[in-house]
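What follows is a single structure, written as structure tokens, with notes after it.
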Amino acid sequence: MSFWKSDLGEITGNEEDAFAKSFTQIPDNTLAIAKIVSFVNAEYNGNKYLSLDWQLIDGDFKGQKVNQKLKVFGDDRDKDPAKTRHRALNMLKLMYSLFNIKPAHADAPSDGDLAIFVNKIAGLKIRETEPNENGRQYNWVSEVHNPSGFKSETGISLVVTHRPSQGAIGSVFNLPVGELQDDIPF
């Protein structure tokens, strides 16, 4: 294969093909039709999982990707790794059923086994995480459905602007009435 050949089409050199698309956080509870563009075994900090990359093919966020992690091997960072693994195995079985695929064996799926899922289409429910300690939020796939009759719908972003401490709230209400009124400009 030539270095200049791409699996995604002709190499044009046009700006729209060369520039990265901007990333937009997908609002919480967004429903969209998506296709699997990658399904592989992955590992992070010694924890193995299955990683799916979905690309939205309709709706307000068409073209954007969202990742789904199936922690089918458990994850020692979770408070209940057995529950995490149980839910992930059920999601994997649901996907096998949804796409009418039978596992080739009873062992953990290899990347070759998972490749059969690429380009399969499903309806997704996409969620947003709460902001982490750095204020960042991430999307995750919470549900996978049959695409037949599935309707896309944009959700509403989780917005956390400020969480005052209990002491700050209490101190305002504990001020004597005269002190509180002195700061009112009208």
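Under the condition of being surrounded by 13 or more Cβ atoms within 10 Å (Cβ to Cβ) and of a type in the set (Asp, Glu), which residue from the range 85-138 is farthest from Ile33 (Cα to Cα)? For the range 85-138, the residue satisfying everything is Asp113.
Restricted to the range 51-62, and to residues there that are touching a Lys or Arg at 6+ places or on another chain (Cβ under 7 Å) and within 24 Å of Lys151 (Cα to Cα), the residue that is surrounded by the most Cβ atoms within 10 Å (Cβ to Cβ) is Trp54. Under the condition of being out of contact with any Pro (no Cβ under 7 Å at 6 or more places or on another chain), in a loop (DSSP other than H, G, I, E, B) and not small (Gly, Ala, Ser), the residues counted in the range 118-160 number 17. Counting only residues that are in a loop (DSSP other than H, G, I, E, B) and under 14 Å from the mean Cα position of the chain (by Cα), the range 31-62 holds 1 of them.
Of the residues making up the range 66-84, those that are farther than 25 Å from Ile26 by Cα and exposed (fewer than 14 other Cβ atoms within 10 Å of the Cβ) are Asp76, Arg77, Lys79, Asp80, Ala82, Lys83. Against the criterion of being in contact with a helix residue (DSSP H, G or I) (Cβ under 7 Å, 6 or more places away or on another chain) and either surrounded by 10 or more Cβ atoms within 10 Å (Cβ to Cβ) or modelled with pLDDT under 50 (or both), Asn146 qualifies. Can you confirm whether Asp28 is closer than 19 Å to Thr129 by Cβ, acidic (Asp, Glu) and without any contact (Cβ under 8 Å) to a residue 60 or more places away in the chain? No: the conditions fail for Asp28.
The values are calculated or read from the model by the stated rules, or taken from the named source; none is laboratory data. Small disclaimer: the values here were computed from a predicted structure and weren't measured. No Cβ is skipped: glycine too gets one built from the backbone with ideal geometry, and neighbour counts run over all protein chains shown.
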